Each structure stands twice: as structure tokens, then as C-alpha cells.
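Engineer: Okay, here's the structure, questions in a sec.
The values are calculated or read from the model by the stated rules, or taken from the named source; none is laboratory data. The shown structure was predicted, so the numbers you read here are calculated from the model rather than taken from an experiment. Cβ coordinates were reconstructed from backbone atoms using ideal geometry, including for glycine residues, and neighbour counts include every protein chain displayed.
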Amino acid sequence: MTATALDREDWELPDSFEDEGGMSMPVMGTVLFIASEVMFFATLFGTYYALRAQASQWPPADVEELPIFIPIVLTAILLTSSVSMHGAVWGVRNNNRTVFVSSLAITVVLGLVFLVGEVFDALEAGFEISSGAYGSIFFTLLSFHVLHVTGGVVFLAYLLFGAAAGRFSSRNYQQVESASYYWHFVDIVWIFVFTTLYIIQ
Amino acid sequence: MATTEVRPEAPATDAGYVTAPYRARWFRWFTTTDHKEIAKMYAVTAFFFLLVGGTLALLIRTQLAAPEQTLRLPGLEVTEQVYNEMFTIHATVMVFLFLTPMLAAFGNYFVPLQIGAADMAFPRVNAFSFWLVPAGGIVLFLSYFAGGPAAAGWTSYSPLAGPQFSPGNGVNLWIGALALLGMSSTLGAINFITTIFKLRAPGMTMLRMPIFCWNMLIQSVLILFSFPVVTAGLLLLWIDRNFGGAFFDPANGGNVILYQHIFWYFGHPEVYILILPLMGAISEIIPVFSRKPLFGYKAFVYATLAIGALGTAVWAHHMFTTGAIDVKFFAATSFLISVPTGVKMFNWTATMYKGKIQWSAAMLFAIGFLSMFLIGGITGIFNATGAVDSALHDTYFVVGHFHYVLVSAALFAMFAALFYWFPKMTGRMLNEKLGIWQVVVLFVGVNLTFFPQFALGLQGMPRRIATYSDGLGWGWLNMLSTFGSYLVSVAILLFIINFFWARKRGAIAGDNPWDAYTLEWATTSPPPYYNFDALPPIRTERPVFDANHPEIAASDEDYDHRVSSSTP
């Protein structure tokens with residue numbers, strides 16, 4: 001069982017460990033994180049549709065139809081912010097600082113506007129989280145989306161400070177790319193939330 | 001096949017060593033991001049919780065040893081409420097605070113080493129994942145000081161765990177602990193997947209990767225897709241408990257079966273999460289001590305993938321008696337999953353066949369794993385049969401079944417891995433003689449503990465009861481089971497003695513004491529801060545064996561032919 005002395009002549013230490021093809025490590029980590037978030041929201045949406053499928057009346061009789069105008073405006077705002085986020089990635093990738101910083105700033109502002117709108121619109125609803133299964137899942141879906149948008153806005157604001165200080169360039173923008181993937185993800189979740197809670201109510 | 005660029009003229013260099021930043025020793029443990037240090041902290045934490053959960057198990061077994069008794073110890077009277085708390089915390093500790101972190105320990109230590117990397121992909125996230133484990137443990141045990149811990153079982157079914165039947169903070173803190181531990185596992189999984197995809201050394205193709213890494217990869221994918229689900233489900237339960245939600249309250253439009261679906265959508269993959277890395281470790285140990293390559297490497301990889309895929313489609317076999325699911329479908333998928341599992345059994349036994357078997361303690365533990373896992377697996381087929389399960393559901397037969405897999409098999413595999421890898425982690429060998437004694441005591445112990453539980457289950461003893469009446473005749477089997485559990489604790493004590501003895505007096509291991517095959521044995525024991533000063537060329541799944549035995553090493557051509565153009 002004793003090992004013989006090793007002939008280490010053809011051994012080497014590779015210069016670089018990181019596989020250069022494909023996505024970078026931070027971006028891969030972000031994508032995997034988003035995959036886990038997809039499962040999280042899938043559970044909440046699954047709960048919504050399971051509860052809806054077994055209900056005799058959905059929404060319950062005492063719930064008035066929700067006005068849809070403000071959610072449509074909010075959707076437009078969030079979709080626009082995805083476009084500006086994409087602009088920010090384009091800007092940093094092409095070393096265009098003006099486009100990068102201004103697009104990022106626009107994204108943060110649109111995100112904040114969306115957050116305020118989403119929270120105030122939810123408070124207008126004529127029912128509560130404790131008024132039955134419908135209210136429970138309605139507010140749960142909205143709150144977890146609000147939490148995720150808040151996280152995104154904080155992350156983007158942090159990047160904005162870094163961007164203003166000139167921390168990113170076409171050779172160093174993995175954080176910006178990761179943030180953009182995350183931002184597009186919360187945008188897509190909103191489209192599902194909007195469709196589920198407002199369009200097919 | 002990717003080609004390995006070998007530069008024979010490159011001189012061996014020790015410039016690759018990077019020293020750890022200097023920190024005071026006590027401070028270093030809090031700030032380290034080195035995967036090996038983090039792995040050791042995982043292992044020590046997990047072992048601590050094994051002792052905590054084991055103590056609870058001994059109390060439970062002592063309470064059940066004789067009929068119609070109430071165990072009284074100084075400061076503890078096992079009332080029915082206390083009994084419920086004990087088995088709830090026992091299960092939670094063993095699943096989330098012992099076994100999961102112990103596997104994270106093995107993964108953290110050996111995945112980077114086996115793929116020839118310097119560290120994990122995200123070292124700071126790795127440290128964060130670890131520190132969430134003690135945080136979760138503290139939150140869980142805080143409930144003892146906040147009005148009593150959760151007592152609704154580790155499944156915490158609603159409405160039992162709902163606001164009406166579990167008032168107080170116990171279940172709330174239990175949910176908080178599981179959320180923290182789930183986050184720890186999820187971040188760990190992201191880290192493992194990225195490490196395996198991005199940091200393999202040149203030449204280490206996916207099909208040259210050690211089986212242990214394959215199992216960690218598939219385990220991580222399962223974690224990624226199941227833990228967020230239970231986190232969401234537990235948050236729904238938390239909303240029900242604290243904000244008047246009605247998710248699992250039928251009177252207000254909720255659905256109790258929905259909770260069971262969410263829980264088991266996580267809960268069943270969780271058992272594969274707990275066993276896959278151990279299967280991986282066994283697949284490293286059996287070939288080394290049989291002096292043969294693993295029989296059917298590719299078949300093993302495909303079997304692991306199949307277990308991962310099927311593992312997400314069997315969850316409702318925990319719910320056969322609810323009458324709310326399609327028993328035939330879930331019985332069929334549950335039977336199907338025994339096929340890839342059987343393939344693995346065949347891989348292991350065929351590897352041993354005509355091998356030059358070395359009866360080390362690690363190998364004996366590995367063979368113990370095979371036999372225990374076989375019993376656990378076959379009784380699983382009973383449970384998967386809908387008609388049989390409607391009689392066995394929630395009896396001690398089920399308790400015996402999952403303890404055979406998650407205690408008997410898991411402990412044997414864990415000790416096999418510890419005996420095999422301890423020399424690499426510390427530079428010293430564990431005592432083989434004491435190890436073989438431990439195999440014997442553990443083997444007798446687990447079988448005495450859990451085999452009588454099959455008989456008890458067939459006689460109708462329900463699980464989760466604090467005591468039972470004398471006339472039922474369950475006394476002597478329970479006494480046998482309790483005696484067995486004491487033997488198991490003796491076996492664990494033997495390991496603790498062995499551990500402290502070996503730390504001081506164990507024989508010096510050297511780089512590769514077992515003449516093993518994979519890259520972790522190509523560096524010193526324990527490895528330096530950045531793991532490798534040089535790597536052997538990687539042409540097969542056994543690069544260190546090829547370097548040690550050039551006369552019988554497979555050439556590139558042989559190997560490419562064997563791996564890519566023939567079925568294993």
C-alpha cells in the first residue's frame with residue numbers, strides 16, 4: 001500500500017484555473033441564484049392557482065374588481081426600466097460612460113417610482129392579507145415582488161455610486177451584467193404577477 | 001475530447017505556494033475563506049449536532065424502552081408534549097444541522113481538491129454559507145428559551161403546526177431556522193455548481209471528473225430546485241401563523257394538502273440530497289481498496305443523473321393515504337427510481353468482483369454501507385407499493401426504513417469517508433484496529449436498533465407515540481431497539497477517542513497513504529493554503545494512479561477509446 005516516490009517531471013501548475021469560455025463565474029452564480037428564485041416564485045404561483053382551482057368563486061363575492069389602470073402604468077414603467085438597464089450594459093460594454101451612468105440612473109429612478117406605485121396601489125385594495133385565501137395569496141405575491149424589486153434597486157444604487165466613481169469599464173462589468181440579469185428577472189416576475197392578479201382576476 | 005497541453009520542459013516550481021494572510025489563530029476561524037478551513041468548521045459543527053441529535057435519540061429510545069412509562073431525569077420529565085418536542089428537534093437537527101453540513105464539509109474539502117482547483121468559486125459566499133449553519137442552530141435552540149420548541153414533527157404539517165394547535169414561538173423559530181439553513185444550502189449549491197463548471201484543471205473533462213464531484217454536482221442541482229420551494233412553503237405557514245393568512249386553513253378557502261405537496265416536493269429530493277454525496281464517497285473508496293477502476297463509470301454518472309431527475313417526481317408517495325393524489329403514478333415513479341439505484345449497487349459490487357480487496361476500516365465501512373443501504377432500499381419498495389403502504393403508513397416500519405437509509409447507511413458511509421480522508425485532512429492516520437472494532441459495534445448497534453422497528457411496524461405500532469400499553473406485546477422489541485441505540489453511541493464514542501488519539505499519535509500519513517487515484521492525493525497532507533504546487537497530467541479519471549503506475553497507466557488513445565466510443 002506504500003506509494004512509490006513520484007516522478008513529478010511532467011507535472012505543472014496551470015497559469016489560469018478559470019475556464020475562459022462561456023459565462024464568467026459571477027454571471028454564472030447570478031444565473032444559478034435566479035434559478036433558485038424561479039423555484040421560489042413558482043411555488044407562490046403554484047399556490048395561487050391551486051387555491052383558485054378549488055375555490056367555488058374567485059375572487060370571493062365580497063371583493064370588488066381591482067382597477068387595472070395603475071398596474072398597466074406600472075408595467076410600462078418597469079418594462080422601460082428593463083430597456084434602460086440594457087442600455088446601461090451596452091454603455092459599459094462599449095466604454096460609453098455617458099450612456100452607462102445616465103441609463104443606470106434612469107433605471108434606479110424608474111425602479112423607485114415603480115416601488116412607490118406598487119405599494120400605494122396595493123394599499124388601495126379593499127381587503128387584507130387576513131381576509132381569506134384570496135387576500136393571503138394576493139398580498140404575499142405582491143410583497144415578495146416588492147421585496148425583490150427593493151433588493152434590486154439597492155443593488156443598482158450601489159452600482160450607480162461605483163459607476164459615478166468610474167469603477168466599471170468594458171473589461172470590468174460583471175457586476176453590472178449580473179445586476180441586469182437580476183433586474184430583467186424581477187421584471188418578468190412582475191409580468192406574471194400583473195397577469196395573474198390583475199388581468200385574469 | 002479536450003486535449004491536455006503538457007509542457008514537459010516546465011520545471012517543477014514551488015512558486016505556486018501562496019501563504020494565508022496572517023491572522024491570530026482565534027480570529028482566523030472567524031474570517032477564513034479557505035475552503036479547507038471552512039470544511040473543517042462544517043465538520044466540527046455537524047459532529048457537534050450529531051451528538052445533540054443523538055442525545056435526543058437516546059432519550060427518545062429510553063422513554064420507549066418499556067411500556068407505560070414516563071422517563072424522569074433530574075430536570076426533565078418526558079411528558080407527551082416534551083416527547084413531541086424531542087422527536088421534532090431530533091429530526092430537524094439530524095437532517096439540517098448534522099447530515100447536510102457534514103456533506104457540505106466533505107464537498108467543501110474535496111471538490112476543489114479533486115478537480116485540481118485552488119479554492120471554491122466564491123470563497124466569501126462559502127464562508128457566509130457556513131456561518132448561516134450555526135446561526136440556524138442558535139435560532140432553533142433559542143425556542144427552548146422562548147416558550148418551548150416546535151413539537152409538530154419535522155414535517156410541521158398544517159393545521160397541526162398552524163396557529164390554532166401550535167401557539168407560541170416554537171414553530172416560528174423553527175421556520176426561521178430552516179429558512180437560514182435553506183439559504184446556506186442554496187448558496188452552497190450555487191458555489192459547488194459554479195466551481196465544478198468553471199474551475200476544473202486543464203484536462204479534467206466532465207467524464208474524467210471523480211464520481212464524488214459528479215454526485216456533489218447533482219446534489220447541488222437538486223438543492224437549487226427544492227430548497228427554495230420549501231422556503232416559500234414555510235413562509236406561507238409563517239404568514240398563516242402570524243398575519244392571519246388562510247393558505248392552509250380550509251375554513252377560509254385554504255388547502256391543507258397543498259402544504260404536504262410543497263413540503264414533500266422538497267422533502268423527497270432532500271433524501272437524495274442527503275445520500276448522493278455519500279454514494280459519491282463510497283464510489284471513491286471501493287475502487288481504491290479493490291485496486292480496480294470503478295466498474296462502469298459512465299453508467300454510474302447516468303444513474304446519478306437519473307436519480308436526480310426521477311427524484312423530483314416521486315414526492316407524493318409520502319401522501320398515499322391522503323386520497324388526494326394519483327397513487328398509481330407516484331408508485332410507478334418510485335419503483336422506477338430503484339432501477340438507477342440498482343445500477344449503482346451493481347457498479348459497486350462489480351468493482352469488488354475479482355478485485356484485490358484490502359480490508360481496511362474504510363473499506364469495511366463502505367461494505368457496511370452497501371448492506372445497510374440494500375435493506376433500506378428494499379423496504380422502500382414495500383412502502384412505494386400503494387396497497388402495502390396504506391397499512392404501513394405512519395408505523396414504525398416507515399421509521400425503520402428511513403433510519404436504515406439515513407442513519408445506518410449514512411453513518412457507515414460517513415465513517416468510511418472519514419477513515420479514507422482523515423489522513424488527507426490532518427496528515428495523520430486513524431487507528432485501523434479501533435476502526436474495525438467500531439465497524440463491528442456500529443453494525444450490531446444499528447441493526448439491533450432498527451431491525452426490530454420493522455417488526456414493530458408490522459405489528460401496528462404507530463410512529464410519534466410517547467408510550468404504548470403493556471398488553472400489546474411491543475415491550476421486548478422496543479427494549480432491543482433501545483439497547484441497540486446505546487451500542488450505536490458506543491460506536492460513535494469509539495470514533496471520538498480515535499479522532500483525538502490520531503490527532504496526537506496517529507501514524508504520519510504522507511501524501512498518498514492508500515495509493516489512491518484522484519487529485520486530492522497529489523498534494524501534501526494536509527494540503528497547503530492554495531492546494532497544489534503542481535498537477536499531474538490528467539488523461540483519465542485516475543490521474544494520480546497513472547502518475548504512480550506509469551507502466552500500467554492507460555494511454556491517451558486507450559482512454560479516449562474507452563470513454564467516448566464504447567458503452568461501459
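Engineer: Of the residues A:Ser103, A:Ser130, only one is farther than 17 Å from A:Ile77 by Cβ and either within 16 Å of the chain's Cα centre (by Cα) or not β-branched (Val, Ile, Thr) (or both); which?
Structural biologist: A:Ser130 is the lone residue from the list that is farther than 17 Å from A:Ile77 by Cβ and either within 16 Å of the chain's Cα centre (by Cα) or not β-branched (Val, Ile, Thr) (or both).
Engineer: I would also like to ask the following. Does B:Phe27 fit the bill of being in a helix (DSSP H, G or I) and at pLDDT 95 or above?
Structural biologist: no
Engineer: List the residue pairs whose Cβ atoms are under 7 Å apart, where the first residue sits in the stretch B:64-81 and is surrounded by fewer than 17 Cβ atoms within 10 Å (Cβ to Cβ), the second is of a type outside the set (Gly, Ala, Ser) and assigned to a strand (DSSP E or B), and the two are 6 or more positions apart or on different chains.
Structural biologist: Cβ pairs passing all conditions: B:Thr70/B:Glu77.
Engineer: Further question: Go through (1) in contact with a Phe, Trp or Tyr (Cβ under 8 Å, 6 or more places away or on another chain); (2) within 14 Å of chain B (Cβ to nearest Cβ); (3) within 13 Å of A:Val186 (Cβ to Cβ) and name the single condition A:Met85 misses.
Structural biologist: Of the numbered conditions (1) in contact with a Phe, Trp or Tyr (Cβ under 8 Å, 6 or more places away or on another chain); (2) within 14 Å of chain B (Cβ to nearest Cβ); (3) within 13 Å of A:Val186 (Cβ to Cβ), the odd one out for A:Met85 is (2).
Engineer: Any residue that is of a type in the set (Ser, Thr, Tyr) and more than 10 Å from chain B (Cβ to nearest Cβ) - is there at least one of those in the stretch A:50-67?
Structural biologist: no
Engineer: For the stretch B:422-435, indicate whether the set of residues that are modelled with pLDDT of 95 or more, within 23 Å of the chain's Cα centre (by Cα), crowded, with 20+ Cβ neighbours inside 10 Å and more than 29 Å from B:Ala522 (Cα to Cα) is non-empty.
Structural biologist: no
Engineer: Among the listed residues B:Thr33, B:Thr79, B:Thr55, B:Thr100, which satisfies the condition of being touching a Lys or Arg at 6+ places or on another chain (Cβ under 9 Å) and away from chain A (no Cβ under 14 Å)?
Structural biologist: Answer to the check: B:Thr33.
Engineer: Looking only at the stretch A:126-145, count every residue that is over 21 Å from A:Tyr49 (Cβ atoms) and within 14 Å of chain B (Cβ to nearest Cβ) and tell me the total.
Structural biologist: Qualifying residue count for the region: 2.
Engineer: Right, next: Give the residues of the stretch B:244-271 that are modelled with pLDDT under 95, facing chain A (nearest Cβ under 7 Å) and either closer than 20 Å to B:Ala331 by Cα or surrounded by fewer than 22 Cβ atoms within 10 Å (Cβ to Cβ) (or both), sorted by residue number.
Structural biologist: B:Gly244, B:Asn252
Engineer: Please verify whether B:Val405 is farther than 16 Å from B:Ile282 by Cα, in contact (Cβ under 8 Å) with a residue 12 or more places away in the chain and hydrophobic (A, V, I, L, M, F, W, C), treating the condition exactly as stated.
Structural biologist: In short, no.
Engineer: Between a residue in the stretch A:28-43 that is farther than 15 Å from B:Gly182 by Cα and any residue that is polar (S, T, N, Q) and crowded, with 21+ Cβ neighbours inside 10 Å, which pairs come within a Cβ distance under 6 Å, given they are 6 or more apart or on different chains?
Structural biologist: A:Met28/B:Thr194; A:Gly29/B:Thr194; A:Thr30/A:Ser178
Engineer: Residues in the stretch B:210-224: is at least one more than 10 Å from every other protein chain (Cβ to nearest Cβ), at pLDDT 95 or above and outside any helix (DSSP H, G or I)?
Structural biologist: yes
Engineer: Looking at A:Leu79, is it closer than 22 Å to A:Gln201 by Cα and touching a residue at least 60 places away in the same chain (Cβ under 8 Å)?
Structural biologist: Yes: the conditions hold for A:Leu79.
Engineer: Then there is this: Any residue at all in the stretch B:295-303 that's hydroxyl-bearing (Ser, Thr, Tyr), surrounded by fewer than 24 Cβ atoms within 10 Å (Cβ to Cβ), in contact with a Ser or Thr (Cβ under 7 Å, 6 or more places away or on another chain) and in contact (Cβ under 8 Å) with a residue 24 or more places away in the chain?
Structural biologist: no
Engineer: While we're here: Considering each residue of the stretch B:511-531, count those that are in contact with a helix residue (DSSP H, G or I) (Cβ under 8 Å, 6 or more places away or on another chain) and in a loop (DSSP other than H, G, I, E, B), and give that number.
Structural biologist: 13
Engineer: So, one more: Suppose the filter is among the polar types (S, T, N, Q) and at pLDDT 95 or above; does B:Thr70 pass it?
Structural biologist: no
Engineer: Can I ask one more? Among A:Ala179, A:Ala125, A:Ala133, which is the only one that is farther than 19 Å from B:Pro228 by Cα and modelled with pLDDT of 95 or more?
Structural biologist: A:Ala179 is the lone residue from the list that is farther than 19 Å from B:Pro228 by Cα and modelled with pLDDT of 95 or more.
Engineer: Which one is nearest to B:Ala43 (Cα to Cα) among residues in the stretch B:383-421 that are among the hydroxyl-bearing types (Ser, Thr, Tyr) and either crowded, with 24+ Cβ neighbours inside 10 Å or modelled with pLDDT under 95 (or both)?
Structural biologist: Ranking the candidates gives B:Tyr420 first.
Engineer: Considering the stretch B:253-311 alone, what residues qualify as being in a loop (DSSP other than H, G, I, E, B) and over 23 Å from B:Ile325 (Cβ atoms)?
Structural biologist: B:Arg291, B:Lys292, B:Pro293, B:Leu294, B:Phe295, B:Gly296
Engineer: To continue, here is another question. When B:Ala177 is evaluated against the numbered criteria (1) over 18 Å from B:Ile223 (Cα atoms); (2) away from every other protein chain (no Cβ under 11 Å); (3) of a type in the set (Gly, Ala, Ser), which criterion, by number, is the only one it fails?
Structural biologist: (1)
Engineer: A further question follows. So, B:Thr518, is that one surrounded by fewer than 18 Cβ atoms within 10 Å (Cβ to Cβ) and closer than 30 Å to A:Asp10 by Cβ or not?
Structural biologist: So B:Thr518 fails the test.
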